[in-house]
Amino acid sequence: MAPPWWLWIAITIAAAVAQTLRNATQRHLSTDLGTLGATLVRFLYGLPFAALWLLAVALIGKYELPAISHAFAGWLVLGSLSQINGTALLLRAMREQNFTLGVAYSKSEVMQVAVFGFVFLGDPLASTTVAAVVLGTLGVMLLTPVDRQRPLRTLVRGLATRPALLGLASGGGFALSAVGYRGAALALDTSFLMAAAFTLVGAQLLQTLVMCVYLRVTQPGLLTRVLRAWRTSLLAGFSGAAASAGWFTAMAIEPVAHVRTLALIELLFSYVISRRVFQESFARLQIIGLIVLVVGLIIVTLGPR
């Protein structure tokens, strides 16, 4: 039986809340462990929780573990390595002199994931999907403009610069990652819950191994520091695994363009908290960005399936 139409929406919103918590915890950890150490925490300490979720799905749903096909393995490798590559490229963009420009262009992930989903998976590109993706991307760029006086002009003129190219490549990495994970889940002959849980465990296991080997060669002392910070890291691992479980489950149900566009609601949460809790004010451009983003989210959730 097909899941209800609204299920992916509820799961995506819950995943955005969990990711907000994970980001806050990782930001705290990055002070002591650095960016790479905090990134490893996401996979290493998230893996046990992902495995527990897989076990719970198997026991409660009485599902058997699916057989691993060549298609599944290929999609999983694409998704896992693309996510690591996207993160690495984003870090390089942030180290450039104009790192803000690189970060802004990395937000093109939402537009790129729609194209990649259509090309590689045949996910439909309805007019409502295109409109939601464009509005969502524009809204995010207006919320965090490179130049508050001439945001769009700066983005266009900076297109050929090194930070912009790194940012675009980073967005492409994250987009390919989302497509790879959806492709892996669809390649499994099982329920969407088991497919999502099994894909998540496989991805986090592969990413943990890759990052541990890389850090063992380049920064061996960092692995010891990551293990010593287990108390705080467990919270980051749990919230990260919960967020990833939500993304994977939603993408096993719905096209990646819809999921990644609705995932931008995380920014809306952040700005609401900023306004309510910290009493921070917004510029007119940012208010326009919020409105544009909300319109895009409404279109992607209420548009035809």
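One compactness figure for region 7-302 is 0.98, namely its Cα radius of gyration divided by 2.2 N^0.38 Å. A simple packing score, the average count of other Cβ atoms within 10 Å per residue, orders the peptides 65-71, 17-23 as 17-23, 65-71, with the highest score first.
The protection proxy used here, the mean number of other Cβ atoms lying within 10 Å of each residue, ranks peptides 212-221, 80-89 as follows, highest first: 80-89, 212-221. Whole-Hz Karplus values for region 138-143 come out as 5, x, 5, 5, 6, 5 Hz, taken residue by residue from phi with 6.51 cos²θ - 1.76 cosθ + 1.60 and θ = phi - 60°; glycine and proline positions read x. Ordered by the count of other Cβ atoms within 10 Å of each Cβ, fewest first, 32, 123 give 32, 123.
Each value in this text was obtained by applying a stated rule to the coordinates, not by laboratory testing. Just so it is clear, the model here is predicted, and its values are computed rather than measured. Cβ atoms come from the backbone with ideal geometry, glycine included; neighbour counts cover every protein chain shown.
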